[in-house]
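A short write-up of the structure that comes next.
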Amino acid sequence: MHERRDFLKASLALAAGVAVSSASRSFASTGSFPAGVVYTADNPGQWAAKVGSHAPEVTKAGKTITVATKHPMSEIHYIVRHTLVAENGTVIGAMTFDPEDKEAISTFELPNDAGSRVYATSFCNLHDFWVTEFTL
Ligand SMILES: [Fe+2]
């Protein structure tokens with residue numbers, strides 16, 4: 001349990017750092033996410049074989065954003081948390097999962113000032129921190 005709490009703290013701090021720093025540019029498009037710290041579908045690093053089950057997928061229906069990580073959920077290996085962060089650094093929402101949850105899917109309502117870009121994050125307890133950038 002202590003380890004899970006540490007993961008949550010690390011992912012929140014990292015999400016906040018990504019969001020704050022993203023105000024003036026797109027990290028994913030510049031490839032400037034720190035290697036070995038933040039993983040993306042385009043830069044999966046050591047987890048290249050894990051992209052399909054770890055990079056969060058983002059869909060939009062009106063003001064509703066759905067974040068899905070197509071990852072199995074079990075006591076020893078699961079998605080810990082999703083966040084959705086606006087390009088201005090505002091954390092739009094977060095969802096913490098339990099290993100007993102059947103799937104890692106979360107929904108968030110976009111505020112009117114979300115900007116034109118959002119970042120969806122997904123944290124796996126074994127395969128680290130993933131980000132998908134999404135243009136609204
Ligand atoms: Fe994983």
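Taken together, the values in this text are just the output of simple stated rules run on the coordinates, not laboratory data. Remember, it's a predicted structure, so these values are computed and weren't measured experimentally. When we count neighbours, we look across all protein chains shown, and the Cβ atoms used for this are built from the backbone with ideal geometry, even at glycine.
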Label points 7 Å out from Cα along the Cβ direction at residue 49 and residue 112: separation in nm?
-> 5.0 nm
Going by how many other beta carbons lie within 10 Å of each one, how would you line up 116, 53, 106, fewest first?
-> 116, 53, 106
In which sequence would 98, 42 go, from the one with the fewest C-beta neighbours within 10 Å to the one with the most?
-> 98, 42
Computed from the beta carbon distance with a Förster radius of 30 Å, FRET efficiency for residue 41 and residue 102 to the nearest 0.05 stands at 0.80
